[in-house]
Amino acid sequence: MDSKYLYRLGAFLKHRLTSWNTGGEGIHSPYLFYIVRMLMYDRNPYYSWERIESRRTAMLHAPKLIQTQDFGTGTSSSKLVCDIAKRELEKRRNAEFLFRLVSFLGHEKGQPLNIVELGTSLGITTAYLAMADSRNKVYTFEGSKETLEVAESNWRHLDISNIVPILGNIDDTLYNYARERTTGSSSIDFAFLDANHTEEATLRYFDILAQQAGDKSVFVFDDIRYSKGMARAWERIKQDARVTTTMDCFDFGIVFFDPHYLRRNYTLRL
């Protein structure tokens, strides 16, 4: 049996034994309590979700062959779009939570958000982030040209116009993006990291983005149990001095920077 599969199975069982599902009970901050009770466990649909999911369905049946580039391993390969959709797209339930979270953060801030996504893939999660509020600006970073072209086609079908795609090696494009932001620029309000799934790259991306985070910024790291390296990166992020509260939801981890919060990690079962 594959060693990665065995690791993930063991990590899942450990998470089930140590996590809790109390609908937010035990979380003392009203703000964080609301995120858990009203956003994580909410099952009410939004009008735009079915439109986005229609594109996911289309991708699951798309036989188109595209060339993909993995800058993390330095390799390129040909993949069917339908295979990418089956194996790499964010789960619908998780994407819906991101939509609700971004909507809530925008309401709390009272103005459009600056959003960064690392790893566009076919653009389905990007659509969830963008359609939460058309006034938001979503900067999404993708390394593969043909993958990004498929994503842009999906956004055109959905009439989304508030996404700024950035093509190229994220090691370079993210650094340039951060460098070009002026000192007086507003903070990055929300970041979703789902790109190079290595310990080194994850920590590097976190450090670049954290330098542009404000007290109310929220970062979400996908696939924190993808490998032992990703798990180590998550532990390092939790211990970073800039971070206060974190939430471990197994599939993803949420990071808060607000100094008014207790320094604590919540292990939650969704």
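Kindly establish whether P112 is assigned to a loop (DSSP other than H, G, I, E, B) and in contact with an Asp or Glu (Cβ under 8 Å, 6 or more places away or on another chain). Give the steps one after another, and end with the answer.
Numbers: assigned to a loop (DSSP other than H, G, I, E, B): yes; in contact with an Asp or Glu (Cβ under 8 Å, 6 or more places away or on another chain): yes.
Answer is yes for this residue.
Among the conditions (1) farther than 16 Å from A210 by Cα; (2) among the hydroxyl-bearing types (S, T, Y); (3) open to solvent by 60 Å² or more (accessible area, probe 1.4 Å), the only one that Y175 does not satisfy is (1).
Could you check, for the range 184-192, whether at least one of its residues is open to solvent by less than 10 Å² (accessible area, probe 1.4 Å), within 30 Å of A58 (Cβ to Cβ) and touching a Phe, Trp or Tyr at 6+ places or on another chain (Cβ under 6 Å)?
Looking through the range 184-192, at least one residue is open to solvent by less than 10 Å² (accessible area, probe 1.4 Å), within 30 Å of A58 (Cβ to Cβ) and touching a Phe, Trp or Tyr at 6+ places or on another chain (Cβ under 6 Å).
Close Cβ contacts (under 9 Å, 6 or more residues apart or on different chains) running from residues in the range 27-48 that are free of Cβ contacts under 8 Å to residues at least 24 places away in the same chain to residues that are of a type in the set (A, V, I, L, M) and open to solvent by less than 50 Å² (accessible area, probe 1.4 Å) comprise F33/I27; R37/I27. Of all residues in the range 222-249, those satisfying the criterion of being assigned to a loop (DSSP other than H, G, I, E, B), farther than 18 Å from N196 by Cα and over 13 Å from the mean Cα position of the chain (by Cα) are D240, A241, R242, V243, T244, T245.
Evaluated against (1) of a type outside the set (A, V, I, L, M, F, W, C); (2) open to solvent by less than 30 Å² (accessible area, probe 1.4 Å); (3) farther than 27 Å from R16 by Cβ, D222 falls short on exactly one condition, (3). Screening E152 on (1) modelled with pLDDT of 95 or more; (2) open to solvent by 40 Å² or more (accessible area, probe 1.4 Å); (3) outside any helix (DSSP H, G or I); (4) not aromatic (F, W, Y) shows it passes everything except condition (3).
Filtering T125, T147, T120 for residues that are in a loop (DSSP other than H, G, I, E, B) and under 15 Å from M59 (Cβ atoms) leaves a single hit, T120. Checking R56 against (1) open to solvent by 70 Å² or more (accessible area, probe 1.4 Å); (2) touching a Lys or Arg at 6+ places or on another chain (Cβ under 9 Å); (3) among the basic types (K, R): exactly one of these is not met. Which one? All conditions pass for R56, except number (1). Looking at the range 239-251, can you tell me whether even one residue there is within 25 Å of F99 (Cα to Cα), touching an Asp or Glu at 6+ places or on another chain (Cβ under 8 Å) and open to solvent by 30 Å² or more (accessible area, probe 1.4 Å)? Looking through the range 239-251, at least one residue is within 25 Å of F99 (Cα to Cα), touching an Asp or Glu at 6+ places or on another chain (Cβ under 8 Å) and open to solvent by 30 Å² or more (accessible area, probe 1.4 Å). Here F190, F219, F206 are screened, and the one residue that is in a helix (DSSP H, G or I), at pLDDT 95 or above and in contact with a helix residue (DSSP H, G or I) (Cβ under 8 Å, 6 or more places away or on another chain) is F206. When the range 56-79 is filtered for residues that are under 19 Å from the mean Cα position of the chain (by Cα) and among the charged types (D, E, K, R), the ones remaining, listed by number, are R56, D70.
The values are calculated or read from the model by the stated rules, or taken from the named source; none is laboratory data. None of the values given here were measured: they were computed from a predicted structure. No Cβ is skipped: glycine too gets one built from the backbone with ideal geometry, and neighbour counts run over all protein chains shown. Quick note on the areas: whole protein, heavy atoms, side chains included, nothing else; ligands and nucleic acids left out. Shrake-Rupley method; radii C 1.70, N 1.55, O 1.52, S 1.80 Å.
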